[in-house]
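Structure, as structure tokens:
The values are calculated or read from the model by the stated rules, or taken from the named source; none is laboratory data. Bear in mind the structure is a predicted one, so any value in this text is a computation, not a measurement. Cβ: placed from backbone, ideal geometry, glycine included. Neighbour counts: every protein chain shown. With ligands, DNA and RNA removed, areas are computed over all heavy atoms of the protein, side chains included. Shrake-Rupley method; radii C 1.70, N 1.55, O 1.52, S 1.80 Å.
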Amino acid sequence: MTEAPAPARVVRSERRYQSISGYAMALAALLLFGFGALVFARHLAHPAVGVVLVLAGAALVPGFYMLKPNEGIIFTLFGEYKGTDRSEGLRWTHPLLSGQKISLRARNLNTPPLKVNDKRGNPVEIGAAVVWRVHDTAQAVFEIDDYTKFVSIQAEAAIRHLATLYAYDSGEDLEGDETTLRAGLDVVADALKAELNQRFASAGVEVLDAKLTHLAYAPEIAQVMLRRQQATAIVSARHQIVAGAVGMVEAALKGLSERNLVTLDDERKAAMVSNLLVVLCSDNDAQPVINTGTLYT
């Protein structure tokens with residue numbers, strides 16, 4: 001005996017609820033109260049008519065509600081979703097409807113620094129600021145138990161996953177144009193925003209902006225990585241110094257040769273090049289040494 005297939009899950013989406021202007025209904029309620037009081041005061045009709053008018057005006061009162069800008073209210077009738085009203089100001093609806101207000105304003109989520117491993121497996125600390133808002137009230141309320149908590153947890157999961165896709169900094173093991181967390185902040189921010197929108201889609205939430213606010217090596221490897229960066233900077237600086245010194249030595253030898261100031265053989269040229277490179281590439285001031293002899297004695 002085959003089992004019946006499970007019914008397809010229905011995903012509720014927001015639909016507009018058309019409410020009535022609260023000002024018109026307030027006027028109607030005041031007229032009913034006024035006519036009811038007039039019936040009792042002037043005896044214009046049977047007192048039962050006045051009672052009916054007053055009760056009718058009182059029945060309208062529970063249907064009034066007020067919405068501020070960027071605020072919505074979700075209506076249900078005995079548990080059945082009827083729609084969402086986003087109209088501003090004083091509004092009125094059927095008194096039997098139950099309403100739940102929900103904010104449509106942009107909200108800011110600032111995640112604390114999280115310790116994760118980057119693409120190389122190095123522990124890093126990373127944090128982000130996410131600007132988000134509810135764009136589908138039905139999904140946010142009916143598809144998710146607590147959408148604010150959902151956003152917080154999914155944002156943390158997205159940041160952890162993002163960190164594993166990129167290395168913290170460039171290195172010899174990476175391609176020259178490969179994006180890193182440190183150098184490709186804009187690319188990483190766009191990737192984070194795209195992943196957050198994908199994760200938040202089922203909750204009716206959209207991400208307006210996402211940026212990294214904290215990025216650093218974890219304390220246990222920070223000193224080692226700092227020395228690595230310093231060594232890289234020193235090597236780069238030395239390379240530029242040596243390149244500049246070689247150019248200066250070449251210019252000096254060429255100038256001496258063109259002006260016929262001194263005739264140097266290969267051995268004297270080698271000695272001169274050695275002395276100039278020592279002077280130009282040394283970290284400390286060179287100390288002159290007077291040679292009273294020659295290279296050959």
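Note on exposure: Met248, Met25 ranked by accessible area (1.4 Å probe, complete protein assembly) read Met248, Met25, with the most exposed listed first. The listed residues Phe40, Phe75, once ranked by accessible area (1.4 Å probe) with the largest placed first, stand as Phe40, Phe75. Ligands, DNA and RNA aside, Arg12 has an accessible area near 110 Å² when probed at 1.4 Å. Which whole-percent values make up P(r) of the range 92-218 when all C-alpha to C-alpha distances are grouped in 5 Å steps starting at zero? Calculated over all Cα pairs of the range 92-218, the distribution is 2, 11, 20, 19, 15, 11, 8, 6, 3, 2, 2, 1, 0, 0 percent. The solvent-accessible area of Val246, taken with every protein chain present and a 1.4 Å probe, is close to 70 Å². Each residue of the range 55-62 is assigned a 3J(HN,Hα), and the resulting list reads 5, 5, x, 5, 5, 7, 4, x Hz, derived from the Karplus form 6.51 cos²θ - 1.76 cosθ + 1.60 (θ = phi - 60°), x at Gly and Pro.
Taking each of Lys101/Lys149; Lys68/Lys101; Lys101/Lys193; Lys119/Lys149 in turn, the alpha-carbon distance tops 20 angstrom for Lys101/Lys193; Lys119/Lys149.
The residues of the range 109-158 expose, per residue, 43 Å² of accessible area to a 1.4 Å probe. Rolling a 1.4 Å probe over the protein heavy atoms leaves His161 with an accessible area of roughly 80 Å².
Here the gap between Ala59 and Ser202, fully extended at 0.36 nm per residue and compared with their Cα-Cα distance, gives a gain of 47.6 nm. With only Cα atoms counted, the range 31-134 has Rg and Dmax values of 26.1, 90 Å. Applying the criteria of a DSSP loop state and at most 13 other Cβ atoms within 10 Å to the GluC sites (Glu not before Pro) of the range 104-186 yields Glu172, Glu175.
When all alpha carbon pairs of the range 90-163 are counted in 10 Å bins from zero, the resulting P(r) reads 16, 36, 25, 14, 6, 3, 0 %.
Heavy-atom surface analysis with a 1.4 Å probe gives the range 20-101 a carbon and sulfur content of 70 percent of its accessible area. Taking all protein chains together and a 1.4 Å probe, the residues Ile159, Ile153 rank Ile153, Ile159 from largest to smallest accessible area. Taking 18 Å as the cut-off, the amide N atoms of the range 195-213 that come nearer than this to a point 7 Å along the Cα-to-beta-carbon line of His135 belong to 195-211. Here the gap between His94 and Ala251, fully extended at 0.36 nm per residue and compared with their Cα-Cα distance, gives a gain of 47.2 nm. For the range 17-29, 3J(HN,Hα) computed residue by residue from phi via the Karplus equation (6.51, -1.76, 1.60; θ = phi - 60°) reads 10, 8, 8, 10, 4, x, 5, 5, 6, 5, 5, 5, 5 Hz, glycine and proline entered as x.
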